[in-house]
1. Open to solvent by less than 50 Å² (accessible area, probe 1.4 Å), under 30 Å from Gly418 (Cα atoms) and either within 16 Å of ligand 2 (Cβ to nearest atom) or of a type in the set (S, T, N, Q) (or both), is that true of Thr156?
2. Can you work out which of the residues in region 379-411 that are among the acidic types (Asp, Glu) and outside any helix (DSSP H, G or I) is least open to solvent (accessible area, probe 1.4 Å)?
3. (1) surrounded by fewer than 21 Cβ atoms within 10 Å (Cβ to Cβ); (2) more than 30 Å from Pro340 (Cα to Cα): which one isn't true of Tyr265, the others all being true?
4. Can you confirm whether region 243-261 contains a residue that is outside any helix (DSSP H, G or I) and more than 16 Å from ligand 2 (Cβ to nearest atom)?
5. Listed residues Ala104, Ala95, Ala128; which is of a type in the set (Gly, Ala, Ser), within 26 Å of Val3 (Cβ to Cβ) and either modelled with pLDDT under 90 or open to solvent by less than 50 Å² (accessible area, probe 1.4 Å) (or both)?
6. Which of the residues belonging to region 199-225 are within 16 Å of ligand 2 (Cβ to nearest atom) and in contact with a Gly (Cβ under 9 Å, 6 or more places away or on another chain)?
7. For region 110-125, name all the residues that are part of a helix (DSSP H, G or I), of a type outside the set (Val, Ile, Thr) and open to solvent by 30 Å² or more (accessible area, probe 1.4 Å).
Amino acid sequence: MKVLVIGGGGREHALCWALAASPEVTTLYCAPGSPAIAEQAMLVPIAVDDLDELVDFCRREAIDLVMPGPELPLVLGLADRMDRAGIKCFGPSAAAARLEGSKAFMKAFATRHNIPTAGHRDFSKSEAADAKAYIRDKGVPIVIKADGLAAGKGVTVARTMDEALAAVDAAFEGAFGAAGERLVIEDCLEGEEASFFALVDGETVLAFGTAQDHKAVGEGDTGPNTGGMGAYSPAPCMTDALIEQTLAEIIRPTVRGMADEGAAYRGVLYAGLMLTNDGPKLIEFNVRFGDPECQVLMPSLMSDFFPLVLAGANGTLDQKEVRWRPVHTMTVVMAANGYPGSYEKGTDIRGLDVAEAVDGVTIFHAGTTRDGDRVMAAGGRVLNVTAEGETLTEARDRAYQAVDLIDWPQGFYRRDIGWRALGVSA
Ligand code: AMP
Ligand code: GLY
């Protein structure tokens, strides 16, 4: 089988790593991929949002299955285009990808289907005064979200009234471009956050693991939000009972509801949850794997990943089950100094071979380039140093042992990944 992965970050490195290991995958391509991904896949120089070129490539090469990594091509209609071309794609249609692409859609959908989520209202740009009156009436803390895709930066959890009102002005003045022309204002939920993953084929839901991310750049969850500075799986707070409750109250009603509304959901469904005293509540949906959560899920899989993705695309997930290895995994993100603000590129990274020789360690590359034997940083988030262990403590110790062997003075990382589960801080 010929498979095309779309994307080029650490998540796609992990996807390619898992798919390349399948005996059923004869040729693996990745568009655009990265120099590190070239070890697993043939690189195809097409950007993730160039749908015409991606469809042409799949037709020309008779690709059997497309596995998209990021949300952007899905929101733009990649899966619809592939469907029309007769090419199997494990991702949602543009209509179904609105679960991530429009927070206003997601919230209205959740309300229509009684899915537990924070109370909310949404406001368009011409309703700025109403939005502010609503915030004054509700009081703080309150959460202000840009409606559209804003690379994880469109959310303000406002603790003061000034901050809340400023967030409304910033969005309507264009801080998030078109994504901020509509705002969702929602009640602030309290509790522990966890990520829940499922594979969905339009109808059948297969639970696909749990994880916890670390969004803030600094230790102790301080500083600005990032794409994620580290993750581990499984999330110990997601007990079997909570997993069952999440499936029953959030995931299955969503899949049924989307089908009933004529936008059947196919693909990876990632629910960001807040575990409140009142049960799990939906914070957000993503229509893809998390990054770096994917990097802790793939090494934990015992099942071959490829047949699961194919069954997802074919609508035969009811014939599949997922098996996990009895391990805990952790990934520590190494980022370039300055991230998530401006940072330097092209700095040398040494010691990757010795780091990767640590027992149970795999390093996924989120943003590196190569020049012969030299490996250089080429992004904000650069390396995902991933380790497995019989316990989360062992996974953590191995991950940090590997991190300490990497010689990259222009990079940094959080020392406290896993603190919630391990009950320690940095
Ligand atoms: P999102 O991009 O929607 O995942 O939001 C980013 C982060 O903002 C989440 O991971 C939460 O930490 C926080 N957040 C979002 N919505 C809420 C909410 N209703 N209550 C409390 N925190 C929230
Ligand atoms: N790590 C969070 C995300 O991928 O959305």
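The values are calculated or read from the model by the stated rules, or taken from the named source; none is laboratory data. None of the values given here were measured: they were computed from a predicted structure. Ideal geometry is used to build each Cβ from the backbone, glycine not excepted, and the neighbour counts take in all protein chains shown. For accessibility, only protein heavy atoms count, side chains too; no ligands or nucleic acids. Shrake-Rupley method; radii C 1.70, N 1.55, O 1.52, S 1.80 Å.
1. Considered against the rule, which asks whether it is open to solvent by less than 50 Å² (accessible area, probe 1.4 Å), under 30 Å from Gly418 (Cα atoms) and either within 16 Å of ligand 2 (Cβ to nearest atom) or of a type in the set (S, T, N, Q) (or both), Thr156 comes out as yes.
2. Among those that are among the acidic types (Asp, Glu) and outside any helix (DSSP H, G or I), it is Glu388.
3. Of (1) surrounded by fewer than 21 Cβ atoms within 10 Å (Cβ to Cβ); (2) more than 30 Å from Pro340 (Cα to Cα), only one is false for Tyr265: (1).
4. Yes, region 243-261 contains a residue that is outside any helix (DSSP H, G or I) and more than 16 Å from ligand 2 (Cβ to nearest atom).
5. Just a single option satisfies the conditions, and that option is Ala95.
6. Ala211, Gln212, Asp213, His214, Lys215, Ala216, Val217, Pro224, Asn225
7. Passing the criteria: Arg112, Lys125.
To keep it simple, each residue is scored yes or no on (1) touching a Phe, Trp or Tyr at 6+ places or on another chain (Cβ under 6 Å); (2) in a loop (DSSP other than H, G, I, E, B); (3) of a type in the set (Ser, Thr, Tyr).
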position: Val5; (1), (2), (3): no, no, no
position: Val25; (1), (2), (3): yes, yes, no
position: Asp49; (1), (2), (3): no, yes, no
position: Leu54; (1), (2), (3): no, no, no
position: Met82; (1), (2), (3): no, no, no
position: Ile87; (1), (2), (3): no, yes, no
position: Ala95; (1), (2), (3): no, yes, no
